[in-house]
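Participant: One structure coming up, written as structure tokens, with questions to follow.
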Amino acid sequence: MAKLNAAVKNQIKNRVFYNKDEKGMDTSPEVHSDITLQIAYIQIGFQTTDMCANQVYGLSPSTSWIRKKLEAPVDVKECALKLEEDYDYGTWQLDDSASPWKSYYDSDTGWFCVGDSRPYGGWLNIKFLDNAIACLNREHELQALWIHL
């Protein structure tokens, strides 16, 4: 699995939004990514120049979301999300296609989560876009992606 970490540079001020007509996530303003890490059809885009994430996009029909009360990560570091290793251009699948990560949504708080929605101590939670948080385990592997819609 891809190794990620916090980067010294500031987070990007782009914002993720849900496009009801296209049934998916997108980032505003639109930017270009050379590398994407995909989880359950949602992609985190990275630039090869600095290996930092700059957008989130992808198919995620709201009809597939599991409705539940969510507690978003509270111990959050605001900075860039960076790939620890160099990757070639293209898309890399992080979850197993036979058992893709589940997507959750809390309509009371507006939080969307793909991956492990349970809060864990010891995880590195990186707010890398204006409303997106990546949760990394101790091995620096992505465990969850949180988006405030």
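The values are calculated or read from the model by the stated rules, or taken from the named source; none is laboratory data. A quick note: this is a predicted structure, and the numbers were derived from the prediction, not measured. Cβ placement follows ideal geometry from the backbone for every residue including glycine, while neighbour counts extend to all protein chains displayed.
Participant: Among the numbered criteria (1) out of contact with any Leu (no Cβ under 6 Å at 6 or more places or on another chain); (2) modelled with pLDDT of 95 or more, which one does Tyr18 miss?
Facilitator: It is condition (1) that Tyr18 fails.
Participant: Would you confirm whether or not the stretch 4-20 contains a residue that is of a type in the set (Gly, Ala, Ser), under 21 Å from Gln143 (Cβ atoms) and within 13 Å of the chain's Cα centre (by Cα)?
Facilitator: no
Participant: Next question, about the same structure. Of everything in the stretch 123-142 that's crowded, with 22+ Cβ neighbours inside 10 Å and in contact with a Gly (Cβ under 8 Å, 6 or more places away or on another chain), which residue is nearest to Thr109 (Cα to Cα)?
Facilitator: For the stretch 123-142, the residue satisfying everything is Cys135.
Participant: Also: Within the stretch 73-87, track down each residue that is touching an Asp or Glu at 6+ places or on another chain (Cβ under 9 Å) and at pLDDT below 95.
Facilitator: Result: Tyr87, single match.
Participant: If you scan the stretch 89-108, which residues turn out to be part of a loop (DSSP other than H, G, I, E, B), touching a residue at least 40 places away in the same chain (Cβ under 8 Å) and not charged (D, E, K, R)?
Facilitator: The answer is Tyr89, Leu94, Pro100, Trp101, Ser107.
Participant: Scan the stretch 88-106 residue by residue and report those that are exposed (fewer than 11 other Cβ atoms within 10 Å of the Cβ) and either within 24 Å of Cys52 (Cα to Cα) or at pLDDT 80 or above (or both).
Facilitator: Hits for the stretch 88-106 are Asp88, Tyr89, Gly90, Asp96.
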